[in-house]
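The values are calculated or read from the model by the stated rules, or taken from the named source; none is laboratory data. Everything quoted here is computed from the prediction, not taken from an experiment. No Cβ is skipped: glycine too gets one built from the backbone with ideal geometry, and neighbour counts run over all protein chains shown.
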Amino acid sequence: MKNRFFKGYRCTTCGHYFDKSEADFTCPICGEKGILDVVYDYEAMKEVVNLDYFKNNHDYSMWRYAPLMSIETDNIDKMLKIGWTPLVHSQNLKKYLGIKDLYIKDDGLNPSGSSKDRASGVGVLKALEAGADTIATSSTGNAASSLACQAAHAGLKAVIFVPERAPIGKVTQICLYGAKLVKVQGDYKATFAFSKEAIKKYKWYNRNCAINPHLVEGKKTVSLEIAEQLNFKPTDWVVVSVGDGCTVAGVYKGFHDLKELGLINEVPRILAVQSTGCEPFVIADRLHQELKEADENTIADSIAVGIPRNPIKAINAVRDSHGVWISVSDEKILQAQALLGKSEGIFGEPAGVASLAGLIKAIDEGIISKDETVTFIVTGNGLKDPLNAQKAITMPSVMKPDLEILDRYLKGEWK
Ligand SMILES: *Cc1c(COP(=O)(O)O)cnc(C)c1O
Ligand SMILES: [Zn+2]
């Protein structure tokens, strides 16, 4: 199946346009540094992708947006149901924060428990399109477990590189989905470098999100969904956490596409959240300087990315949406995790709830005002990392089955 709306690529570094037959992964002129952005023919797309298209489309997964993605495949029926995750209309947390309206996009409810499934799904389709039999990636954990999941279902082999500190839940997923796990000594930077060498040597299909331009096209479906779930009237702000920068780039691209199609009026402002333990984007933004390597010192492992791999797309996304960069401490992330759990019944992993911690700080600092509306994205499920979540709660001691002790416990006199 050809996608006649998918035209080609524009290099985010030199600005050159390439027809889709002239490029594949990175810019033929700039090489590795030239990350490509997929270009569509919106005028032609408009004729097909309109309100009626959505009304008559009963595929409630991200695949309903296939014409808006750079996929040219007949293999969608080989894929799991990814996306169309709930957009929760908050009441309790909204009241607590005192803002006009609040929605929570619970992307932890994807098949492998994170928004990475949106990108991995497209990665697997592109690998099938390319006739590959093995797909590989390096990841802080979620892209890895997600790729293992999606590859298993589609019958592809997967080789996955993770840093040694990847949480046990994610590493367990990778092995359980039958992928070849390479647990690399050192941090994510070391892991990424090693995977690059190996991918080159063995010629595996490369799912690394920054390098592969198609994956952001998968990630953008999160904002296509947010917009559609809100009848194409998205909130004033969308809040998301940032590691490599692909997710925030996707969030922007989705809204940008809908604006080009005339389906929404404005791209929401993006609040991009990092952890103070690893905040290369925030520092570069504050000091108006180039991105510099940062330490990877945070419990929010999925956004512990010292050398972001998709900096230009991420910086452009926040700038073009009139957005704001912000960072939050691990302590605030843990508080947000517990708050979200008890106020809305949603359990996000630390990187997944960093968005909420950022929202709280942005309200405190007057960046987001009380008469504005907000959607924040929970990018990953808390069950992936129960050890860190236990820092956000108090676990009671083991109780003898004795009603008197229970009575004291219920009164708060026994812990
Ligand atoms: C990957 C990830 C992010 C950040 O995405 P990037 O594309 O690396 O910026 C945020 N939260 C979770 C749970 C993730 O897995
Ligand atoms: Zn270029």
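Does any residue of segment 26-38 turn out to be over 25 Å from the mean Cα position of the chain (by Cα), at pLDDT below 95 and at positive phi? So far as segment 26-38 goes, yes, one or more of its residues are over 25 Å from the mean Cα position of the chain (by Cα), at pLDDT below 95 and at positive phi. The set of residues in segment 109-123 that are buried (at least 24 other Cβ atoms within 10 Å of the Cβ) and out of contact with any Pro (no Cβ under 7 Å at 6 or more places or on another chain) comprises N110, S112, G113, S114, S115, K116, R118, A119, S120, G121, V122, G123. Being of a type outside the set (F, W, Y), within 16 Å of ligand 1 (Cβ to nearest atom) and surrounded by fewer than 23 Cβ atoms within 10 Å (Cβ to Cβ) narrows it down to one of I211, I174, so name that one. The conditions single out I211. Scanning segment 112-149 for residues that are away from ligand 1 (no atom under 14 Å from the Cβ), under 15 Å from G218 (Cα atoms) and touching a helix residue (DSSP H, G or I) at 6+ places or on another chain (Cβ under 6 Å) yields G121, V124, K126. Being within 16 Å of ligand 2 (Cβ to nearest atom) and not acidic (D, E) is a description that applies to P213. What do you reckon, is L271 surrounded by fewer than 22 Cβ atoms within 10 Å (Cβ to Cβ) and in contact (Cβ under 8 Å) with a residue 24 or more places away in the chain? No: the conditions fail for L271. When segment 96-111 is filtered for residues that are of a type in the set (A, V, I, L, M) and touching a helix residue (DSSP H, G or I) at 6+ places or on another chain (Cβ under 9 Å), the ones remaining, listed by number, are L97, I99, L102, I104.
Conditions (1) within 12 Å of ligand 1 (Cβ to nearest atom); (2) in contact (Cβ under 8 Å) with a residue 12 or more places away in the chain; (3) surrounded by 19 or more Cβ atoms within 10 Å (Cβ to Cβ), marked per residue:
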residue	(1), (2), (3)
E217	no, yes, yes
T221	no, yes, yes
L258	no, yes, yes
T276	no, yes, no
A300	yes, yes, yes
K313	yes, yes, yes
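Tell me, which residue of segment 1-15 that is crowded, with 16+ Cβ neighbours inside 10 Å and without any contact (Cβ under 8 Å) to a residue 60 or more places away in the chain is nearest to ligand 2 (Cβ to nearest atom)? Looking at the filtered set, the residue picked out is C11. Tell me yes or no: at least one residue of segment 48-61 is touching a helix residue (DSSP H, G or I) at 6+ places or on another chain (Cβ under 9 Å), away from ligand 1 (no atom under 16 Å from the Cβ) and touching a residue at least 60 places away in the same chain (Cβ under 8 Å). Yes - at least one qualifying residue is present in segment 48-61. Listed by first and then second residue, the pairs with beta-carbon distance under 8 Å, at least 6 apart or on different chains, first residue in segment 155-168 and under 14 Å from S145 (Cβ atoms), second acidic (D, E) and surrounded by fewer than 22 Cβ atoms within 10 Å (Cβ to Cβ), are P163/D187. Screening segment 238-282 for residues that are among the aliphatic types (A, V, I, L, M), within 21 Å of the chain's Cα centre (by Cα) and not in a strand (DSSP E or B) and picking the one that is nearest to ligand 2 (Cβ to nearest atom) gives A249. Remark: V240 matches the filter, which requires a residue to be at pLDDT 95 or above, within 11 Å of ligand 1 (Cβ to nearest atom) and within 21 Å of A354 (Cα to Cα). Total residues in segment 233-284 satisfying the condition of being within 25 Å of S90 (Cα to Cα), in contact with a helix residue (DSSP H, G or I) (Cβ under 7 Å, 6 or more places away or on another chain) and among the aromatic types (F, W, Y): the figure is 2. Selection of first residues in segment 68-80 that are farther than 21 Å from H256 by Cβ and of second residues that are surrounded by 17 or more Cβ atoms within 10 Å (Cβ to Cβ) and aliphatic (A, V, I, L, M), restricted to Cβ pairs under 6 Å at least 6 apart or on distinct chains, gives the following pairs, ordered by first then second residue: T73/L125; N75/L125; N75/L128; K78/A154. Scanning segment 289-321 for residues that are over 24 Å from E32 (Cα atoms) and assigned to a loop (DSSP other than H, G, I, E, B) returns N297, T298, I299, A300, S321.
Is it the case, given these coordinates, that I76 is in contact with a helix residue (DSSP H, G or I) (Cβ under 6 Å, 6 or more places away or on another chain) and more than 16 Å from ligand 1 (Cβ to nearest atom)? Spelling it out, I76 is indeed in contact with a helix residue (DSSP H, G or I) (Cβ under 6 Å, 6 or more places away or on another chain) and more than 16 Å from ligand 1 (Cβ to nearest atom).
Only a single item in (1) touching a strand residue (DSSP E or B) at 6+ places or on another chain (Cβ under 8 Å); (2) without any contact (Cβ under 8 Å) to a residue 24 or more places away in the chain; (3) more than 16 Å from ligand 1 (Cβ to nearest atom) is not met by L230, and it is number (2). Candidates G245, G254, G262: the one that is surrounded by 24 or more Cβ atoms within 10 Å (Cβ to Cβ) and at positive phi is G245.
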